[in-house]
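The values are calculated or read from the model by the stated rules, or taken from the named source; none is laboratory data. Since we're looking at a predicted model, the values are computed, not measured. No Cβ is skipped: glycine too gets one built from the backbone with ideal geometry, and neighbour counts run over all protein chains shown.
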Amino acid sequence: MRSKESFHEDHVQVLKFCLFPSPFPVRWYSLAVSVQKSINIMIHRVAHDNQFLAEAYKDIVTIDEFSRNLYDIHLKVLRDPKAQSTCLGHFRSDYMLNQDPEILRQIEVNTVAASFAGQSTLLDQLHTYLSRKYPFMVLSEKKSHCSESLRGLALGLVEAWEHYGVADAIILFVISDKETNLCDQKVVELEIMSIQSKANVKRRRLNSLNEHITLDEDNILRLDDQEVAVVYYRTAYVPKNYGSQSAWDARLKLERSRAIKCPPIKYQLAGAKKIQQLLTKKDILKKYVSTSEGLDEIYSTFGAMYPLSRDEEGDQAIDMALRSPEKYVLKPQREGGGNNFFGEDLTDKLLQIKNSEERNAYVLMELVKPVHILNHYITSDKKLKERRYVKDEMSLELGIYGVILANEKKIIHNREAGSLLRSKVYTDKESGITSGSGFIDDIFLY
Ligand code: ADP
Ligand code: MG
């Protein structure tokens, strides 16, 4: 991975990883895998329920400029009959295992910030290699798990490209100015080549894209002179990804185009924390998932979530959190890590927003107290230079990927698509790898 702190185009360094696969109970892993296809469909259906989205975003758009910009683009796309109606989703549903009682808890579903599908498979291979080379790694020898995440993502992109059906059209990866995840993306590009050699990938920065893309009268998207079949966003999910109005203009063009987006803006909107909070109400959830599709199983993974709306329900949630801040986490409408408030910060933030409309943009979630295990992590962190590997107590966050290609009338493909395990030092609050905390890990099922 490229370093965030000392970014240089030509420098990559070891992505922090766990030396051994971490033990994870097969029972909870299987539950997470078994519901993934229904989670894909759930997001897809929510994204197509315009009334529900309008209601959910009603208060948020008045106070959160970023959400308003996204929602405005969504409305413009809805009014454009030539915009592509087939959607590609590559989601990652993240979970932690609560210790007491032992129960799987969904943390969130990522609809854009779902990286590391490439590196997750590579880490599996690394662990397999290490276990053969160093027989003392007994645990790994018995390893019964291999993440198909790289193949799953690449196949999804190729299927979308095939669905678009133009042999010389390209797949466009939209990246950030200082893209740290180059390697994770490059392996996906290579995998695409191995599945379908005709599907060429080009990578372009969102902030310098606008002058290079055009829409013709049929909303065909061209990058310079090349038709674009699929747009795969690796950026565009936090405000700082949009350097100027030109990035927003580019986003609108991409969204209005005939190219298939991964994800289209409606999927991004459906992945917001506010929607997640609403879906923890079973009456709402059952509109999007039926009993035979796993309604109860999905619901069983949800922890309590509360709106901070300016009404009795919101007031009660705020009182509750101020009384016991150690039991909750406060979340804004963002993805990608480093956005949440815990403990004293949560109290300070709540006191600050309590009497303003701003509170509508947050949700409160019950804190998971996760199981912890011992592992070693390998890091190129300068602060730890003397100790390249460190033994510590870790907690785990399991991610299950899902791929869906669908439009309003038809589900074309829908699959569970491999897994990712991320570990963090037990005392750290967040396990986002891109945002600086957390290690990429791999599962030893038991
Ligand atoms: P983001 O979209 O920014 O990644 P998340 O909801 O995934 O937001 O939260 C970021 C991190 O914070 C998670 O990866 C997890 O480590 C921690 N976290 C989030 N929600 C909880 C929770 N309910 N209990 C414990 N830790 C949590
Ligand atoms: Mg997250």
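Quick notes
- Residue among 275, 284 that alone is more than 30 Å from residue 208 (Cα to Cα), at pLDDT 95 or above, surrounded by fewer than 18 Cβ atoms within 10 Å (Cβ to Cβ) and among the hydrophobic types (A, V, I, L, M, F, W, C): 284
- Residue in segment 389-430 that is nearest to residue 329 (Cα to Cα), counting only those that are touching a residue at least 40 places away in the same chain (Cβ under 8 Å) and polar (S, T, N, Q): 395
- Of all residues in segment 144-191, those being among the small types (Gly, Ala, Ser) and surrounded by fewer than 17 Cβ atoms within 10 Å (Cβ to Cβ) number 3.
- Residue in segment 74-86 that is free of Cβ contacts under 8 Å to residues at least 24 places away in the same chain, touching a Lys or Arg at 6+ places or on another chain (Cβ under 7 Å) and either on the phi > 0 side of the Ramachandran plot or assigned to a helix (DSSP H, G or I) (or both) present: no
- Of the residues in segment 351-358, at least one is touching a Lys or Arg at 6+ places or on another chain (Cβ under 8 Å) and at pLDDT below 95.
- Verdict on residue 67 being of a type in the set (Ser, Thr, Tyr), crowded, with 20+ Cβ neighbours inside 10 Å and closer than 18 Å to residue 441 by Cβ: no
- Just so you know, in segment 319-341 the residues that are under 26 Å from the mean Cα position of the chain (by Cα) and surrounded by fewer than 16 Cβ atoms within 10 Å (Cβ to Cβ) include one that is nearest to ligand 1 (Cβ to nearest atom), and it is 338.
- Among the residues of segment 437-446, those that are outside any strand (DSSP E or B) and more than 12 Å from ligand 1 (Cβ to nearest atom) comprise 442, 446.
- Matching residues in segment 166-196 - criterion: being assigned to a loop (DSSP other than H, G, I, E, B) and either within 14 Å of residue 156 (Cα to Cα) or free of Cβ contacts under 8 Å to residues at least 24 places away in the same chain (or both): 196
- With respect to being more than 29 Å from residue 399 (Cβ to Cβ) and of a type in the set (D, E, K, R), residue 94 falls outside the description.
- Test: residue in segment 406-429 that is within 12 Å of ligand 1 (Cβ to nearest atom), within 25 Å of residue 440 (Cα to Cα), part of a loop (DSSP other than H, G, I, E, B) and touching a His at 6+ places or on another chain (Cβ under 6 Å): yes
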